[in-house]
Amino acid sequence: MSMNEYDVIVIGGGPNGELLATYLQKAGGRVLLVEKRHEMGGGLLTEDFDGFRFNLHATYMMLGELMPPHNDLFLPQYGVDFIRPQVQLSLFYGRDRALVLYQDTRKSAESIEKLSREDAGKFLKLSNDFREVCTKCLIPASYVAPIPPGEYAAMLSESEVGKKVLEWSEKSPLEILEEYEIRDDRVRAALLYLGCKWGIEPDLPGIGYMFPIYAYGMMNASLVRGGSHRLNSAIIRAGYESNLQVRELTEVKRIIVQDGTAKGVVTDTGEEIRARVVVSSLNPVMTFLDLVGEGHIDQDFANTVRQWQWDEWSLYCMHLGTKRLPTYRASESEPHCGEALSQVFGYESTEQVVRHWKDCMEGKLPGPEATFTPTSLFDPSQAPKGYHNIRVETEAPFEISGSDWGRVNAEYAGAILQHWEEYLTNPSEVGIIKSYSYPPSYIEQKLPNMVRGSIKQGAYIPTQMGYFRPNIECSNYSTPIKGLYLTGAATYPGGMITLGPGYCASRKVAEDLGLRIWWNYPDWLVEARKNKLAP
C-alpha cells in the first residue's frame, strides 16, 4: 500500500467521524481523516473570547461516562471530566417562584409538592418509568445497529419494558405526559420542555420514545470541564497515539466511484487519495448529490435523498461574560434555584411551550422565553478569574417571515435579557462585559453540514428515525455504493453528543474489512441484548 493509499478515508472530523477513524485505526486499519475546517470536533466547539470560553454548540452531555468510548479510549486520562450538578433545572414562574428539579428525584418531588402534593407522587412514578426504560432499553439500543421495525417490535413485545417503549413510540410527548395525569401546568411545562427542547414537536406522534430519553437525559446532564472541545481533543489524541493520519483544511470535492464502488476521494487541490472504503459523516444530501453525483446513483435513490427534511427550527444562542452571577427573587422560596444547570424563564404552562414551537415552525420570531446556564458556576476555568460566563439559548426559526436575523438579532437579544432581568434581585450588578449573539444563520455558516441550522443534520420525524435514518437503503451504515459507508448525526441513532453513530458504524466497517474488533460491548449493553431490549 502506497503512502497515498489507505484502508479507510473518513470525510468530516465531527465527533462521530473522528471516533470512527480512531476505532478503525486501533483495529489495525490505515485510516485518513479529512476535515474541511481548521480544527476537528464539529459541534464540540469551544472558542476563547478574551478569556471567556464559550461553547458555541454542544454544551449539555446527557450520557457522559455511559458513552462506551469513555472507557474504550480511556478518555479521562486525556482530560475528560464530566461535571454533573446536583441541581439540574429551575423553571421560574410568577417572577418570584421556581420549580427545581434535582438528580435526586425525591428532592425534585419535594419542590413539586409545594405546587401540588398529588403531582409529587405522579412525578416520582414518571421519573422511575423514564429511568427504567432509558437505562434498560433506549440507551443500550443507541449503541447497536438498528434492525427492521417489524423485527424490533417482535423482540420488544416479549417484555414489559419493551412493550412500554412500543406503546410510547406511537404517541406524542403530550400524550405520554397525559398518561401520568400531572395536573399542575407548571410541572407539565417543565417536563414537556425538557423532553422536547432538542427537536421533538410536543404534539407530534410517532417518535414518542425520544421524549423519555431527552427528559431523563436533561435531568442527569453534565458539562465537560474546560469546555466541550476537551471531549473532541481527547478522542483525537487517542487517534494520534494509534498513528491516525489527519488532514485539516482539506475539502473533499468528489468521492471517486468506479463500476459502482467507492475507490477514494478527490480534494479541493485536485489530489486523488485512494482507499478500500470511504466513510462520510456528512448529511445524505451532501454525500450523495454533491460528492458522489447523480450519475453514480439510480434516480429512485436520488429522489429519496432529495426528500431528506431539515429541522423546521434551530437554536438562537447568546454567550455572556459577566462581573457577577445573577441572584433570583425566587431564592427566598427555593434557595437552590440559582444553582441549577438549566435555568428556564417564560414557560409557565404547556400552552406556552407548544406556542413557542409553533412560532418556530411558522417562521415567526418567538417570545423571549429562554434557558440560561451559568457555566462558570460549575467550572470556573471557563471564565477569567473573578468573572463568569453564562450561556443563553432558545429555540428559533432559521428564517423569519418578512425579516432576517441581521435585522432582528440585536433587538431579540435585548428582549431576552430584559425579560430575564425581571426575575433578578441584582440586575444592575451582573455587569455584562462581553456579549456574543449566535443566531441560527450563524450555525450554517460555521458548520455547513448543519444545513438551515439543523443541529442534528435533519429533522426528527417518523420517516427519518430508527431503521429509516437516513433512509432504508442506508439503514445499517452501508449504502448502495459498494465501499461507501455513512456515519454522523444523519444516521442511527441520530444527533446530540452520544457518539452512537460513530460507535455503531465502526463495528460495521471493521467487520466488512476484516479488521480486529478490539472493543467489547459494556456490561449494561450485554444485559440489554440478553433481555431482548436491544438488537
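Structure data summary
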| item | result |
| --- | --- |
| Residue that is surrounded by the fewest Cβ atoms within 10 Å (Cβ to Cβ) [pool: residues in segment 413-440 that are in contact with a strand residue (DSSP E or B) (Cβ under 9 Å, 6 or more places away or on another chain) and closer than 11 Å to Pro368 by Cβ] | Glu422 |
| Residue within segment 313-329 that is more than 19 Å from Leu192 (Cβ to Cβ), among the aromatic types (Phe, Trp, Tyr), more than 22 Å from the chain's Cα centre (by Cα) and at pLDDT 95 or above present | yes |
| Qualifying residue in segment 357-374 (condition: small (Gly, Ala, Ser) and in contact with a Pro (Cβ under 6 Å, 6 or more places away or on another chain)) | yes |
| From the options Leu91, Leu101, Leu124, Leu75, residue that is surrounded by fewer than 18 Cβ atoms within 10 Å (Cβ to Cβ), among the hydrophobic types (A, V, I, L, M, F, W, C) and modelled with pLDDT of 95 or more | Leu124 |
| Any hit, segment 336-345, residues being outside the structural domain of Tyr214 (by TED's automatic domain parsing), touching a Gly at 6+ places or on another chain (Cβ under 9 Å) and within 26 Å of Pro173 (Cβ to Cβ) | no |
| Sole exception among (1) surrounded by fewer than 20 Cβ atoms within 10 Å (Cβ to Cβ); (2) in a helix (DSSP H, G or I) for Ile443, by number | (1) |
| Helices (runs of 4 or more DSSP H) (entirely within segment 52-138) containing at least 2 residues that are within 21 Å of Lys197 (Cα to Cα) and charged (D, E, K, R) | 117-133 |
| Filtered residues of segment 71-104 (kept if of a type in the set (D, E, K, R) and at positive phi) | Arg95 |
| Options Glu181, Glu175; residue that is more than 22 Å from the chain's Cα centre (by Cα) and assigned to a loop (DSSP other than H, G, I, E, B) | Glu181 |
| From the options Ser116, Ser157, residue that is modelled with pLDDT under 95, of a type in the set (S, T, N, Q) and over 24 Å from Gln309 (Cα atoms) | Ser116 |
| Positions within segment 378-412 being closer than 16 Å to Ser314 by Cβ, of a type in the set (Gly, Ala, Ser) and either touching an Asp or Glu at 6+ places or on another chain (Cβ under 6 Å) or surrounded by fewer than 20 Cβ atoms within 10 Å (Cβ to Cβ) (or both), in sequence order | Ser401, Ser403, Gly406 |
| Residue within segment 515-529 that is touching a helix residue (DSSP H, G or I) at 6+ places or on another chain (Cβ under 6 Å) and within 16 Å of Trp310 (Cβ to Cβ) present | no |
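Let's see how each residue does on (1) in a loop (DSSP other than H, G, I, E, B); (2) buried (at least 24 other Cβ atoms within 10 Å of the Cβ); (3) assigned by TED's automatic domain parsing to the domain that holds Phe398; (4) modelled with pLDDT under 95:
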residue: Tyr467; (1), (2), (3), (4): no, no, no, no
residue: Glu473; (1), (2), (3), (4): no, no, no, no
residue: Pro480; (1), (2), (3), (4): yes, no, no, no
residue: Tyr485; (1), (2), (3), (4): no, yes, no, no
residue: Ala490; (1), (2), (3), (4): yes, yes, no, no
residue: Pro493; (1), (2), (3), (4): yes, yes, no, no
residue: Met496; (1), (2), (3), (4): yes, no, no, yes
residue: Pro501; (1), (2), (3), (4): no, yes, no, no
residue: Arg507; (1), (2), (3), (4): no, no, no, no
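The rows are residues; the columns are (1) farther than 25 Å from Ser454 by Cβ; (2) buried (at least 21 other Cβ atoms within 10 Å of the Cβ); (3) in contact with a strand residue (DSSP E or B) (Cβ under 7 Å, 6 or more places away or on another chain); (4) without any contact (Cβ under 8 Å) to a residue 24 or more places away in the chain.
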position: Gly321; (1), (2), (3), (4): yes, yes, yes, no
position: Thr327; (1), (2), (3), (4): yes, no, yes, no
position: Glu332; (1), (2), (3), (4): yes, no, no, no
position: His336; (1), (2), (3), (4): yes, no, yes, no
position: Lys358; (1), (2), (3), (4): no, no, no, yes
position: Lys364; (1), (2), (3), (4): no, no, no, no
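For every residue, the table says whether it meets (1) of a type in the set (Lys, Arg); (2) assigned by TED's automatic domain parsing to the domain that holds Arg117; (3) surrounded by fewer than 24 Cβ atoms within 10 Å (Cβ to Cβ).
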| position | (1), (2), (3) |
| --- | --- |
| Ser159 | no, yes, yes |
| Lys163 | yes, yes, yes |
| Trp168 | no, yes, yes |
| Ala190 | no, yes, no |
| Tyr193 | no, yes, no |
| Glu251 | no, no, yes |
| Gln258 | no, no, yes |
| Ala262 | no, no, no |
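The values are calculated or read from the model by the stated rules, or taken from the named source; none is laboratory data. Predicted model only: the values in this text are computed from it and were never measured. With ideal geometry, Cβ positions are generated from the backbone for all residues, glycine too; neighbour counts draw on all protein chains shown.
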